[in-house]
Amino acid sequence: MSDLHIYNSLSRQKEKFEAINPPYVGLYCCGPTVYSDVHLGNTRTFISFDLVYRYLKHLGYNVRYVRNITDAGHLTNDQGEGKNRMEDQAKLEKLEPMEIVQKYTVGFHEVCRLFNLLPPTIEPTATGHIVEQIEMTQKLIDNGVAYESNGSVYFDVKAYNDKGNNYGILSGRNIDELIAGYRDLDGQEEKRNSVDFALWKKASPEHIMQWSSPWSSGFPGWHLECSVMSTKYLGKQFDIHAGGMDLKFPHHECEIAQNVGACGNTPVRYWMHTNMLNFNGQKMSKSLGNSILPMEFVTGNHPLLDKPYSAMTVRFLFMQSHYSSELDITIKGLQDAEKGLRKLMNAAKYLSEIKFDSITVEEKQDKIISDLCAECKVVMDDDFNAPKLIAVLHELATLINIYYNDGKKINNISDSTFNLLQTTYNAYLFDVLGLQDEVATGNNDALDKVMQLVIDIRKQSRENKDWTTSDKIRDALKEANINIKDGKDGTTYEIG
Ligand SMILES: [Zn+2]
(Lines give C-alpha, C1' and ligand atoms only; values in the text may rest on other atoms or scores of the structure.)
Protein backbone atom coordinates (compact mmCIF):
# COMPACT_ATOMS: atom_id res chain seq x y z
CA MET A 1 0.00 0.00 0.00
CA SER A 2 2.83 2.35 0.64
CA ASP A 3 6.54 2.87 0.95
CA LEU A 4 6.14 4.56 4.28
CA HIS A 5 9.06 4.26 6.67
CA ILE A 6 8.83 5.17 10.34
CA TYR A 7 11.58 5.71 12.90
CA ASN A 8 10.72 3.18 15.58
CA SER A 9 11.91 4.29 19.05
CA LEU A 10 11.77 0.65 20.17
CA SER A 11 14.24 -0.68 17.57
CA ARG A 12 16.01 2.71 17.33
CA GLN A 13 15.95 2.55 13.55
CA LYS A 14 13.85 3.50 10.57
CA GLU A 15 11.63 0.63 9.49
CA LYS A 16 9.25 0.00 6.63
CA PHE A 17 5.69 0.40 7.86
CA GLU A 18 3.65 -2.78 7.58
CA ALA A 19 0.15 -2.53 9.01
CA ILE A 20 -0.95 -5.54 11.09
CA ASN A 21 -4.39 -5.71 9.41
CA PRO A 22 -4.32 -3.49 6.34
CA PRO A 23 -6.13 -1.33 5.38
CA TYR A 24 -6.81 -0.81 9.10
CA VAL A 25 -4.29 1.00 11.27
CA GLY A 26 -4.48 1.43 15.04
CA LEU A 27 -2.91 4.63 16.35
CA TYR A 28 -2.76 5.54 20.04
CA CYS A 29 -1.51 8.84 21.42
CA CYS A 30 -1.21 9.71 25.11
CA GLY A 31 -3.56 12.64 25.58
CA PRO A 32 -3.56 15.56 28.00
CA THR A 33 -3.94 15.54 31.77
CA VAL A 34 -6.78 17.96 32.25
CA TYR A 35 -5.95 19.82 35.44
CA SER A 36 -4.42 22.87 33.72
CA ASP A 37 -4.15 24.53 30.30
CA VAL A 38 -2.48 22.36 27.69
CA HIS A 39 1.05 23.67 27.23
CA LEU A 40 2.82 24.32 23.98
CA GLY A 41 5.10 21.28 24.12
CA ASN A 42 2.06 19.00 24.36
CA THR A 43 0.39 20.94 21.58
CA ARG A 44 3.40 20.22 19.38
CA THR A 45 3.03 16.50 20.15
CA PHE A 46 -0.68 16.52 19.25
CA ILE A 47 -0.03 18.51 16.06
CA SER A 48 2.75 16.07 15.07
CA PHE A 49 0.48 13.07 15.46
CA ASP A 50 -2.35 14.89 13.73
CA LEU A 51 0.05 15.02 10.76
CA VAL A 52 0.71 11.27 11.12
CA TYR A 53 -3.03 10.57 11.30
CA ARG A 54 -3.72 12.77 8.28
CA TYR A 55 -0.96 11.23 6.19
CA LEU A 56 -2.02 7.66 6.98
CA LYS A 57 -5.54 8.60 5.90
CA HIS A 58 -4.15 10.26 2.77
CA LEU A 59 -2.40 6.98 1.92
CA GLY A 60 -5.78 5.26 2.07
CA TYR A 61 -5.52 3.56 5.46
CA ASN A 62 -8.60 3.23 7.58
CA VAL A 63 -7.20 4.62 10.83
CA ARG A 64 -8.68 4.20 14.28
CA TYR A 65 -7.05 7.02 16.22
CA VAL A 66 -7.38 6.82 19.99
CA ARG A 67 -6.23 9.75 22.13
CA ASN A 68 -7.15 9.57 25.80
CA ILE A 69 -8.04 12.17 28.38
CA THR A 70 -6.31 11.67 31.73
CA ASP A 71 -8.95 12.79 34.19
CA ALA A 72 -8.28 10.44 37.10
CA GLY A 73 -5.83 12.83 38.69
CA HIS A 74 -2.51 11.18 38.08
CA LEU A 75 0.14 11.69 40.63
CA THR A 76 2.91 14.16 41.10
CA ASN A 77 5.93 11.95 40.61
CA ASP A 78 6.84 9.35 38.05
CA GLN A 79 6.40 6.32 40.19
CA GLY A 80 2.82 7.02 41.10
CA GLU A 81 3.25 8.42 44.57
CA GLY A 82 2.59 11.85 45.93
CA LYS A 83 -0.31 14.16 45.49
CA ASN A 84 -3.33 14.05 43.28
CA ARG A 85 -2.97 16.94 40.84
CA MET A 86 -6.63 17.10 39.94
CA GLU A 87 -7.67 17.43 43.56
CA ASP A 88 -4.91 19.93 44.35
CA GLN A 89 -6.04 22.14 41.50
CA ALA A 90 -9.69 21.71 42.54
CA LYS A 91 -8.85 22.95 46.03
CA LEU A 92 -6.88 25.84 44.58
CA GLU A 93 -9.70 26.88 42.27
CA LYS A 94 -12.44 25.97 44.82
CA LEU A 95 -14.11 23.59 42.36
CA GLU A 96 -15.14 19.95 42.25
CA PRO A 97 -12.45 17.76 40.64
CA MET A 98 -14.84 16.97 37.78
CA GLU A 99 -15.39 20.70 37.26
CA ILE A 100 -11.64 21.02 36.79
CA VAL A 101 -11.75 18.11 34.34
CA GLN A 102 -14.58 19.71 32.38
CA LYS A 103 -13.02 23.17 32.36
CA TYR A 104 -9.67 22.03 30.99
CA THR A 105 -11.14 19.43 28.62
CA VAL A 106 -13.21 22.18 27.00
CA GLY A 107 -10.09 24.39 26.88
CA PHE A 108 -8.07 21.59 25.29
CA HIS A 109 -10.72 21.03 22.62
CA GLU A 110 -10.75 24.75 21.85
CA VAL A 111 -6.99 24.64 21.26
CA CYS A 112 -7.44 21.55 19.06
CA ARG A 113 -10.06 23.30 16.93
CA LEU A 114 -8.00 26.44 16.63
CA PHE A 115 -4.91 24.52 15.50
CA ASN A 116 -7.06 22.48 13.11
CA LEU A 117 -6.47 19.07 14.69
CA LEU A 118 -8.78 16.38 13.41
CA PRO A 119 -10.70 14.88 16.32
CA PRO A 120 -9.52 11.38 17.22
CA THR A 121 -11.93 8.57 16.36
CA ILE A 122 -12.17 7.66 20.05
CA GLU A 123 -11.31 9.92 22.99
CA PRO A 124 -11.68 7.70 26.06
CA THR A 125 -11.32 8.94 29.63
CA ALA A 126 -9.49 7.25 32.49
CA THR A 127 -12.48 7.66 34.84
CA GLY A 128 -14.68 5.90 32.27
CA HIS A 129 -12.44 2.80 32.43
CA ILE A 130 -11.97 2.13 36.15
CA VAL A 131 -13.54 -1.35 35.92
CA GLU A 132 -11.14 -2.37 33.14
CA GLN A 133 -8.19 -1.00 35.12
CA ILE A 134 -9.20 -3.10 38.13
CA GLU A 135 -9.49 -6.14 35.84
CA MET A 136 -6.01 -5.64 34.38
CA THR A 137 -4.55 -5.16 37.86
CA GLN A 138 -6.13 -8.46 38.95
CA LYS A 139 -4.74 -10.17 35.86
CA LEU A 140 -1.24 -8.91 36.64
CA ILE A 141 -1.55 -10.26 40.21
CA ASP A 142 -2.83 -13.61 38.84
CA ASN A 143 0.11 -13.74 36.41
CA GLY A 144 2.60 -13.25 39.24
CA VAL A 145 3.92 -9.83 38.22
CA ALA A 146 2.05 -7.68 40.72
CA TYR A 147 1.42 -7.80 44.46
CA GLU A 148 -0.85 -6.16 46.99
CA SER A 149 0.66 -4.28 49.86
CA ASN A 150 -1.36 -2.42 52.48
CA GLY A 151 -4.34 -1.94 50.13
CA SER A 152 -2.21 -0.73 47.21
CA VAL A 153 -1.05 -2.88 44.29
CA TYR A 154 2.40 -2.59 42.72
CA PHE A 155 3.92 -3.98 39.56
CA ASP A 156 6.77 -6.33 40.47
CA VAL A 157 9.54 -5.33 38.07
CA LYS A 158 12.03 -7.98 39.25
CA ALA A 159 9.48 -10.81 38.98
CA TYR A 160 8.65 -9.54 35.50
CA ASN A 161 12.30 -9.60 34.43
CA ASP A 162 12.82 -13.01 36.06
CA LYS A 163 10.21 -14.34 33.61
CA GLY A 164 12.56 -13.41 30.77
CA ASN A 165 11.15 -9.97 30.05
CA ASN A 166 13.11 -6.76 29.80
CA TYR A 167 11.90 -3.75 31.77
CA GLY A 168 13.98 -1.07 30.04
CA ILE A 169 13.50 -2.38 26.51
CA LEU A 170 12.18 0.97 25.26
CA SER A 171 14.20 3.47 27.28
CA GLY A 172 17.40 1.43 27.36
CA ARG A 173 17.57 1.80 31.13
CA ASN A 174 19.13 -0.81 33.32
CA ILE A 175 17.06 -2.02 36.25
CA ASP A 176 19.99 -2.22 38.71
CA GLU A 177 20.95 1.37 37.96
CA LEU A 178 17.33 2.38 38.37
CA ILE A 179 17.11 0.72 41.78
CA ALA A 180 20.34 2.39 42.88
CA GLY A 181 19.18 5.77 41.59
CA TYR A 182 15.85 6.05 43.41
CA ARG A 183 15.40 8.58 46.13
CA ASP A 184 13.42 7.71 49.22
CA LEU A 185 9.87 8.49 48.19
CA ASP A 186 6.49 8.24 49.78
CA GLY A 187 5.09 4.69 49.61
CA GLN A 188 8.51 3.08 49.20
CA GLU A 189 8.16 1.02 52.36
CA GLU A 190 5.18 -0.78 50.79
CA LYS A 191 7.19 -1.89 47.77
CA ARG A 192 9.42 -4.90 47.28
CA ASN A 193 11.74 -2.76 45.14
CA SER A 194 12.00 0.97 44.65
CA VAL A 195 11.61 0.51 40.89
CA ASP A 196 8.15 -1.09 41.30
CA PHE A 197 5.32 1.18 40.23
CA ALA A 198 1.73 1.60 41.42
CA LEU A 199 -1.17 -0.07 39.62
CA TRP A 200 -3.65 0.78 42.35
CA LYS A 201 -3.26 3.20 45.23
CA LYS A 202 -5.21 3.06 48.45
CA ALA A 203 -6.74 6.47 49.05
CA SER A 204 -6.80 8.34 52.32
CA PRO A 205 -10.36 9.25 53.42
CA GLU A 206 -10.01 12.90 52.34
CA HIS A 207 -9.30 11.89 48.74
CA ILE A 208 -12.37 12.91 46.74
CA MET A 209 -11.70 10.81 43.64
CA GLN A 210 -11.75 7.21 44.79
CA TRP A 211 -13.37 3.98 43.69
CA SER A 212 -13.93 0.61 45.36
CA SER A 213 -11.73 -2.29 44.38
CA PRO A 214 -10.90 -5.75 45.78
CA TRP A 215 -7.86 -4.22 47.56
CA SER A 216 -9.05 -0.88 48.89
CA SER A 217 -11.03 2.17 48.09
CA GLY A 218 -8.55 4.01 45.92
CA PHE A 219 -7.57 5.04 42.44
CA PRO A 220 -5.55 3.59 39.54
CA GLY A 221 -1.90 4.35 38.82
CA TRP A 222 -1.33 6.66 35.88
CA HIS A 223 0.47 4.21 33.57
CA LEU A 224 -2.35 1.69 33.73
CA GLU A 225 -5.01 3.69 31.91
CA CYS A 226 -3.10 3.80 28.63
CA SER A 227 -2.48 0.03 28.64
CA VAL A 228 -6.17 -0.54 29.30
CA MET A 229 -7.60 1.94 26.81
CA SER A 230 -5.17 1.17 23.98
CA THR A 231 -5.77 -2.59 24.12
CA LYS A 232 -9.52 -2.20 24.66
CA TYR A 233 -9.98 -0.19 21.47
CA LEU A 234 -7.03 -1.31 19.32
CA GLY A 235 -6.44 -4.90 20.38
CA LYS A 236 -3.65 -6.66 22.23
CA GLN A 237 -1.25 -5.72 19.48
CA PHE A 238 -1.65 -2.57 17.46
CA ASP A 239 0.34 -0.54 14.95
CA ILE A 240 1.53 2.79 16.33
CA HIS A 241 1.84 4.24 19.83
CA ALA A 242 2.72 7.91 19.97
CA GLY A 243 3.65 10.43 22.63
CA GLY A 244 6.13 13.05 23.76
CA MET A 245 9.72 12.03 24.37
CA ASP A 246 9.32 12.84 28.06
CA LEU A 247 6.81 9.98 28.32
CA LYS A 248 9.25 7.33 27.08
CA PHE A 249 10.33 6.64 30.64
CA PRO A 250 8.71 5.65 32.85
CA HIS A 251 5.23 5.96 31.33
CA HIS A 252 5.68 4.02 28.08
CA GLU A 253 8.17 1.59 29.61
CA CYS A 254 5.56 0.76 32.26
CA GLU A 255 2.84 0.46 29.62
CA ILE A 256 4.86 -2.19 27.78
CA ALA A 257 5.51 -4.09 31.03
CA GLN A 258 1.82 -4.02 31.95
CA ASN A 259 0.73 -5.20 28.51
CA VAL A 260 3.29 -7.98 28.34
CA GLY A 261 2.48 -9.00 31.92
CA ALA A 262 -1.28 -9.06 31.33
CA CYS A 263 -1.63 -10.07 27.67
CA GLY A 264 1.55 -12.06 27.07
CA ASN A 265 2.74 -10.10 24.05
CA THR A 266 4.40 -6.79 23.22
CA PRO A 267 1.61 -4.36 22.50
CA VAL A 268 2.99 -2.05 19.84
CA ARG A 269 4.78 -2.44 16.50
CA TYR A 270 6.02 1.15 16.12
CA TRP A 271 6.72 3.57 18.95
CA MET A 272 6.97 7.22 17.90
CA HIS A 273 8.18 10.10 20.08
CA THR A 274 8.17 13.83 19.50
CA ASN A 275 11.04 15.98 20.62
CA MET A 276 11.10 18.99 22.92
CA LEU A 277 10.41 22.69 22.38
CA ASN A 278 12.70 25.58 23.24
CA PHE A 279 12.17 29.32 23.16
CA ASN A 280 15.20 31.40 22.13
CA GLY A 281 17.42 28.41 22.84
CA GLN A 282 16.07 27.81 26.34
CA LYS A 283 13.82 25.06 27.55
CA MET A 284 10.31 26.43 28.05
CA SER A 285 9.37 26.50 31.71
CA LYS A 286 7.16 28.47 34.03
CA SER A 287 10.06 29.31 36.33
CA LEU A 288 12.03 30.92 33.46
CA GLY A 289 8.95 32.92 32.47
CA ASN A 290 9.24 31.75 28.85
CA SER A 291 6.37 29.30 28.92
CA ILE A 292 3.85 30.61 26.39
CA LEU A 293 0.41 29.02 26.17
CA PRO A 294 -1.03 28.20 22.71
CA MET A 295 -3.79 30.82 23.16
CA GLU A 296 -1.22 33.48 24.14
CA PHE A 297 0.32 33.27 20.65
CA VAL A 298 -3.06 34.03 19.16
CA THR A 299 -3.80 36.95 21.49
CA GLY A 300 -0.18 38.16 21.50
CA ASN A 301 -0.66 38.61 25.23
CA HIS A 302 2.79 37.59 26.46
CA PRO A 303 5.82 39.81 27.17
CA LEU A 304 8.10 37.69 24.95
CA LEU A 305 5.91 38.12 21.85
CA ASP A 306 6.16 41.20 19.62
CA LYS A 307 2.60 40.74 18.29
CA PRO A 308 -0.13 38.08 17.92
CA TYR A 309 0.63 35.08 15.71
CA SER A 310 -2.17 33.05 14.24
CA ALA A 311 -2.68 29.40 15.14
CA MET A 312 -1.83 28.45 11.54
CA THR A 313 1.46 30.37 11.74
CA VAL A 314 2.39 28.38 14.85
CA ARG A 315 1.26 25.13 13.21
CA PHE A 316 3.32 25.99 10.12
CA LEU A 317 6.34 26.79 12.30
CA PHE A 318 6.01 23.38 13.96
CA MET A 319 5.75 21.66 10.57
CA GLN A 320 9.00 23.30 9.48
CA SER A 321 10.88 21.07 11.94
CA HIS A 322 10.84 17.30 11.87
CA TYR A 323 8.79 15.93 14.77
CA SER A 324 11.82 14.07 16.14
CA SER A 325 14.06 17.18 16.20
CA GLU A 326 14.23 19.78 18.92
CA LEU A 327 12.41 22.91 17.85
CA ASP A 328 13.61 26.35 18.85
CA ILE A 329 10.96 29.04 18.65
CA THR A 330 12.21 32.57 17.96
CA ILE A 331 10.44 35.76 16.93
CA LYS A 332 12.36 35.67 13.65
CA GLY A 333 11.18 32.09 13.09
CA LEU A 334 7.57 33.12 13.73
CA GLN A 335 7.85 36.07 11.33
CA ASP A 336 9.38 33.85 8.64
CA ALA A 337 6.68 31.21 9.20
CA GLU A 338 4.02 33.88 8.75
CA LYS A 339 5.54 34.90 5.39
CA GLY A 340 6.13 31.32 4.25
CA LEU A 341 2.57 30.30 5.06
CA ARG A 342 1.21 33.33 3.23
CA LYS A 343 3.24 32.48 0.13
CA LEU A 344 1.86 28.92 0.05
CA MET A 345 -1.71 30.10 0.67
CA ASN A 346 -1.50 32.78 -2.00
CA ALA A 347 -0.21 30.19 -4.48
CA ALA A 348 -3.22 27.97 -3.67
CA LYS A 349 -5.51 30.90 -4.43
CA TYR A 350 -3.67 31.66 -7.68
CA LEU A 351 -3.78 28.02 -8.71
CA SER A 352 -7.58 28.08 -8.49
CA GLU A 353 -7.68 31.16 -10.71
CA ILE A 354 -5.19 30.06 -13.33
CA LYS A 355 -6.75 28.93 -16.61
CA PHE A 356 -5.45 25.88 -18.37
CA ASP A 357 -4.59 26.81 -21.91
CA SER A 358 -2.04 24.38 -23.22
CA ILE A 359 -0.64 25.54 -26.49
CA THR A 360 2.62 23.61 -26.59
CA VAL A 361 3.62 21.02 -24.06
CA GLU A 362 7.23 21.57 -23.09
CA GLU A 363 8.44 18.21 -21.90
CA LYS A 364 11.10 19.67 -19.66
CA GLN A 365 8.62 21.87 -17.78
CA ASP A 366 6.07 19.06 -17.67
CA LYS A 367 8.65 16.78 -16.05
CA ILE A 368 9.77 19.42 -13.52
CA ILE A 369 6.21 19.78 -12.25
CA SER A 370 5.30 16.08 -12.24
CA ASP A 371 8.61 15.24 -10.48
CA LEU A 372 7.96 17.83 -7.77
CA CYS A 373 4.45 16.40 -7.27
CA ALA A 374 5.89 12.89 -6.89
CA GLU A 375 8.50 14.23 -4.48
CA CYS A 376 5.74 15.23 -2.01
CA LYS A 377 4.97 11.56 -1.37
CA VAL A 378 8.62 10.52 -1.33
CA VAL A 379 9.52 12.95 1.47
CA MET A 380 6.42 12.17 3.53
CA ASP A 381 7.06 8.44 3.16
CA ASP A 382 10.41 9.11 4.77
CA ASP A 383 9.20 9.26 8.38
CA PHE A 384 6.67 12.06 7.79
CA ASN A 385 9.24 14.64 6.73
CA ALA A 386 7.05 17.74 6.80
CA PRO A 387 9.94 20.28 6.54
CA LYS A 388 11.05 18.71 3.27
CA LEU A 389 7.43 18.65 2.07
CA ILE A 390 7.18 22.38 2.77
CA ALA A 391 10.36 22.96 0.74
CA VAL A 392 8.82 21.09 -2.23
CA LEU A 393 5.57 23.05 -1.91
CA HIS A 394 7.60 26.28 -1.93
CA GLU A 395 9.17 25.24 -5.23
CA LEU A 396 5.73 24.52 -6.66
CA ALA A 397 4.44 27.84 -5.31
CA THR A 398 7.25 29.69 -7.08
CA LEU A 399 6.24 28.07 -10.39
CA ILE A 400 2.55 28.82 -9.75
CA ASN A 401 3.43 32.47 -9.08
CA ILE A 402 5.25 32.68 -12.41
CA TYR A 403 2.21 31.35 -14.29
CA TYR A 404 -0.11 33.64 -12.37
CA ASN A 405 1.93 36.74 -13.09
CA ASP A 406 2.21 35.73 -16.72
CA GLY A 407 -1.46 36.24 -17.60
CA LYS A 408 -2.98 33.67 -15.17
CA LYS A 409 -2.47 30.94 -17.74
CA ILE A 410 -0.69 27.62 -17.85
CA ASN A 411 0.25 26.92 -21.41
CA ASN A 412 3.23 24.58 -21.51
CA ILE A 413 2.28 21.42 -19.59
CA SER A 414 -0.17 18.63 -20.34
CA ASP A 415 -3.65 18.68 -18.86
CA SER A 416 -2.93 15.56 -16.81
CA THR A 417 0.10 17.29 -15.25
CA PHE A 418 -2.03 20.37 -14.60
CA ASN A 419 -4.62 18.19 -12.82
CA LEU A 420 -1.83 16.47 -10.89
CA LEU A 421 -0.46 19.86 -9.82
CA GLN A 422 -3.84 21.04 -8.58
CA THR A 423 -4.74 17.87 -6.67
CA THR A 424 -1.25 17.37 -5.22
CA TYR A 425 -0.73 20.96 -4.11
CA ASN A 426 -4.11 21.21 -2.42
CA ALA A 427 -4.03 17.72 -0.87
CA TYR A 428 -0.62 18.21 0.74
CA LEU A 429 -1.14 21.81 1.84
CA PHE A 430 -4.66 21.45 3.26
CA ASP A 431 -5.32 17.75 3.97
CA VAL A 432 -1.88 16.46 4.95
CA LEU A 433 -0.23 19.49 6.59
CA GLY A 434 -3.65 20.49 7.93
CA LEU A 435 -3.09 24.17 7.15
CA GLN A 436 -5.95 26.56 6.56
CA ASP A 437 -6.15 29.86 4.80
CA GLU A 438 -7.14 31.94 7.78
CA VAL A 439 -8.34 34.75 5.56
CA ALA A 440 -10.48 32.30 3.63
CA THR A 441 -11.75 30.46 6.69
CA GLY A 442 -12.31 33.68 8.60
CA ASN A 443 -14.60 35.83 6.57
CA ASN A 444 -13.40 35.70 3.03
CA ASP A 445 -16.65 36.68 1.36
CA ALA A 446 -17.04 39.74 3.53
CA LEU A 447 -13.39 40.69 3.09
CA ASP A 448 -13.60 40.26 -0.68
CA LYS A 449 -16.64 42.54 -0.81
CA VAL A 450 -15.04 45.18 1.38
CA MET A 451 -11.82 45.02 -0.63
CA GLN A 452 -13.72 45.39 -3.88
CA LEU A 453 -15.35 48.51 -2.47
CA VAL A 454 -11.98 49.91 -1.35
CA ILE A 455 -10.44 49.14 -4.75
CA ASP A 456 -13.36 50.91 -6.51
CA ILE A 457 -13.07 54.01 -4.30
CA ARG A 458 -9.32 54.10 -4.91
CA LYS A 459 -9.85 53.82 -8.65
CA GLN A 460 -12.42 56.60 -8.64
CA SER A 461 -10.27 58.89 -6.53
CA ARG A 462 -7.34 58.36 -8.89
CA GLU A 463 -9.52 59.14 -11.89
CA ASN A 464 -10.62 62.32 -10.08
CA LYS A 465 -6.98 63.09 -9.23
CA ASP A 466 -7.97 63.00 -5.55
CA TRP A 467 -4.51 61.94 -4.40
CA THR A 468 -5.25 62.54 -0.71
CA THR A 469 -7.89 59.79 -0.72
CA SER A 470 -5.92 57.36 -2.84
CA ASP A 471 -2.79 57.83 -0.69
CA LYS A 472 -4.83 57.41 2.47
CA ILE A 473 -6.19 54.11 1.16
CA ARG A 474 -2.75 52.91 0.12
CA ASP A 475 -1.23 53.75 3.53
CA ALA A 476 -4.09 52.18 5.49
CA LEU A 477 -3.86 48.95 3.49
CA LYS A 478 -0.11 48.83 3.92
CA GLU A 479 -0.63 49.22 7.65
CA ALA A 480 -3.06 46.26 7.53
CA ASN A 481 -0.49 44.20 5.59
CA ILE A 482 -2.64 44.11 2.44
CA ASN A 483 -0.97 44.64 -0.92
CA ILE A 484 -2.82 45.89 -3.96
CA LYS A 485 -1.62 44.79 -7.37
CA ASP A 486 -2.57 46.64 -10.53
CA GLY A 487 -2.49 44.22 -13.45
CA LYS A 488 -3.80 44.28 -17.00
CA ASP A 489 -6.90 42.30 -15.88
CA GLY A 490 -7.72 44.79 -13.13
CA THR A 491 -6.70 45.27 -9.53
CA THR A 492 -6.32 42.40 -7.06
CA TYR A 493 -5.22 42.23 -3.45
CA GLU A 494 -3.20 39.85 -1.35
CA ILE A 495 -2.36 39.65 2.29
CA GLY A 496 1.24 39.67 3.44
ZN1 LIG B 1 -0.21 7.26 28.07
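A few notes on this one:
- Condition broken by residue 307, with the remaining ones in (1) modelled with pLDDT of 95 or more; (2) touching a Gly at 6+ places or on another chain (Cβ under 6 Å); (3) surrounded by fewer than 20 Cβ atoms within 10 Å (Cβ to Cβ) satisfied: (1)
- Of all residues making up the range 19-51, the number that are of a type outside the set (Lys, Arg), away from the ligand (no atom under 16 Å from the Cβ) and in contact (Cβ under 8 Å) with a residue 24 or more places away in the chain: 14
- For beta carbons closer than 6 Å, sequence separation of 6+ or different chains, a first residue in the range 164-176 that is in the same structural domain as residue 11 (by TED's automatic domain parsing) and a second that is at pLDDT 95 or above and polar (S, T, N, Q), the qualifying pairs are 167/161.
- Where a residue in the range 242-266 is outside the structural domain of residue 65 (by TED's automatic domain parsing) and of a type in the set (A, V, I, L, M, F, W, C) and its partner, wherever it lies, is more than 12 Å from the ligand (Cβ to nearest atom) and at pLDDT below 95, with Cβ under 6 Å and at least six apart: none
- Count of the range 28-62 residues which are part of a strand (DSSP E or B) and surrounded by fewer than 24 Cβ atoms within 10 Å (Cβ to Cβ): 2
- Answer residue from the range 370-389, given it is touching a Ser or Thr at 6+ places or on another chain (Cβ under 7 Å) and hydrophobic (A, V, I, L, M, F, W, C) and is nearest to residue 2 (Cα to Cα) among those: 376
- Residues that are touching a residue at least 12 places away in the same chain (Cβ under 8 Å), among the hydrophobic types (A, V, I, L, M, F, W, C) and either in contact with a helix residue (DSSP H, G or I) (Cβ under 8 Å, 6 or more places away or on another chain) or surrounded by fewer than 18 Cβ atoms within 10 Å (Cβ to Cβ) (or both), drawn from the range 267-295: 268, 271, 272, 276, 277, 284, 292, 293, 295
- Subset of the range 67-107 (residues that are surrounded by 21 or more Cβ atoms within 10 Å (Cβ to Cβ) and at pLDDT 90 or above): 67, 68, 69, 70, 71, 101, 104
- Residue pairs whose Cβ atoms lie under 6 Å apart, separated by 6 or more positions or on different chains, with the first residue in the range 67-89 and farther than 17 Å from residue 227 by Cβ and the second at pLDDT below 55 and surrounded by 19 or more Cβ atoms within 10 Å (Cβ to Cβ), are 82/75.
- Extreme residue, surrounded by the fewest Cβ atoms within 10 Å (Cβ to Cβ), among residues of the range 319-356 that are over 21 Å from residue 300 (Cα atoms) and among the small types (Gly, Ala, Ser): 352
- Single match in 248, 236 (criterion: among the basic types (Lys, Arg) and either within 13 Å of the ligand (Cβ to nearest atom) or buried (at least 21 other Cβ atoms within 10 Å of the Cβ) (or both)): 248
- The condition of being within 16 Å of the ligand (Cβ to nearest atom) and in contact with a strand residue (DSSP E or B) (Cβ under 9 Å, 6 or more places away or on another chain) holds for only one of 242, 203, that being 242.
- Considering the range 353-406, the residues that are within 21 Å of residue 342 (Cα to Cα) and assigned to a loop (DSSP other than H, G, I, E, B) include one that is modelled with the highest pLDDT, namely 385.
- Among the residues examined, residue 276 does not qualify as farther than 18 Å from residue 30 by Cβ and away from the ligand (no atom under 16 Å from the Cβ).
- Among the candidates 374, 348, the residue that is among the small types (Gly, Ala, Ser) and without any contact (Cβ under 8 Å) to a residue 60 or more places away in the chain is uniquely 374.
The values are calculated or read from the model by the stated rules, or taken from the named source; none is laboratory data. These figures come from a predicted structure and were not determined experimentally. Cβ: placed from backbone, ideal geometry, glycine included. Neighbour counts: every protein chain shown.
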